[in-house]
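The values are calculated or read from the model by the stated rules, or taken from the named source; none is laboratory data. Remember, it's a predicted structure, so these values are computed and weren't measured experimentally. Cβ placement follows ideal geometry from the backbone for every residue including glycine, while neighbour counts extend to all protein chains displayed.
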Amino acid sequence: MSKPLEVLLLDDEPIVGRRLKPALDKIGCRVEVFEDPREAVARIDQKEFDIVVTDIRMEGMDGLQVFAHVQKKWPRTKVIMITGYAKIDLAREAMGKGVFDFIAKPFRPDDLRQIIANAAEELGSPIYNSSMSKEPVEA
């Protein structure tokens, strides 16, 4: 069996981490959850993650700044943006800069699991997405 996918999950709404960590654990990811973007960036400086999932709008540092930091430090890492403020222009901007994918709240944990499975496939570490949940993440 291959090593678990290392995922950093950053969202300033605590409920998001509480809902998504177990959903990602179920598909074999090793997940570290952060609510403070500065703490997440400090951890990114210490460790390479396969995937970083970050909210776009947060106090102190936004998701695009987090993405820029990840891209500079670990270019192989796939970054997925989540937001409660879905705007097509923001999605285009993020994708144009190299963000792997973009997902708008509310979404089902399974929606994120599928995007993570796609990122894992691109990284050459496929995972199998067999446990599906219908609970939306709205925070």
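Assuming E121 fulfils every condition listed in (1) of a type outside the set (S, T, Y); (2) in contact (Cβ under 8 Å) with a residue 40 or more places away in the chain; (3) loosely packed, with under 13 Cβ neighbours inside 10 Å apart from one, which condition is it? For E121, the failing item is (2). Residues in the stretch 80-99 that are assigned to a loop (DSSP other than H, G, I, E, B) and either modelled with pLDDT of 80 or more or in contact with a Leu (Cβ under 7 Å, 6 or more places away or on another chain) (or both): 3 in all. The helices (runs of 4 or more DSSP H) found wholly in the stretch 1-79 and carrying at least 1 residues that are more than 21 Å from P106 (Cβ to Cβ), modelled with pLDDT of 95 or more and among the aliphatic types (A, V, I, L, M) occupy 37-46, 63-73.
Conditions tested, residue by residue: (1) in contact (Cβ under 8 Å) with a residue 24 or more places away in the chain; (2) under 25 Å from P126 (Cα atoms); (3) in contact with a strand residue (DSSP E or B) (Cβ under 6 Å, 6 or more places away or on another chain).
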site: V31; (1), (2), (3): yes, yes, yes
site: E39; (1), (2), (3): no, no, no
site: G60; (1), (2), (3): yes, no, no
site: P75; (1), (2), (3): no, yes, no
site: G84; (1), (2), (3): yes, no, no
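Could you tell me whether the stretch 110-120 includes any residue that is modelled with pLDDT under 90 and either assigned to a helix (DSSP H, G or I) or under 17 Å from L20 (Cα atoms) (or both)? No, the stretch 110-120 contains no residue that is modelled with pLDDT under 90 and either assigned to a helix (DSSP H, G or I) or under 17 Å from L20 (Cα atoms) (or both). Among the residues of the stretch 8-26, those identified as among the aliphatic types (A, V, I, L, M) and buried (at least 21 other Cβ atoms within 10 Å of the Cβ) are L8, L9, L10, V16, L20, A23, L24.
Tallying residues that are closer than 19 Å to R19 by Cβ and either within 14 Å of the chain's Cα centre (by Cα) or in contact (Cβ under 8 Å) with a residue 24 or more places away in the chain (or both) within the stretch 86-101 yields 1. Set side by side, the residues E39, E6, E59 differ, and just one is within 19 Å of F100 (Cβ to Cβ) and among the charged types (D, E, K, R), which is E6.
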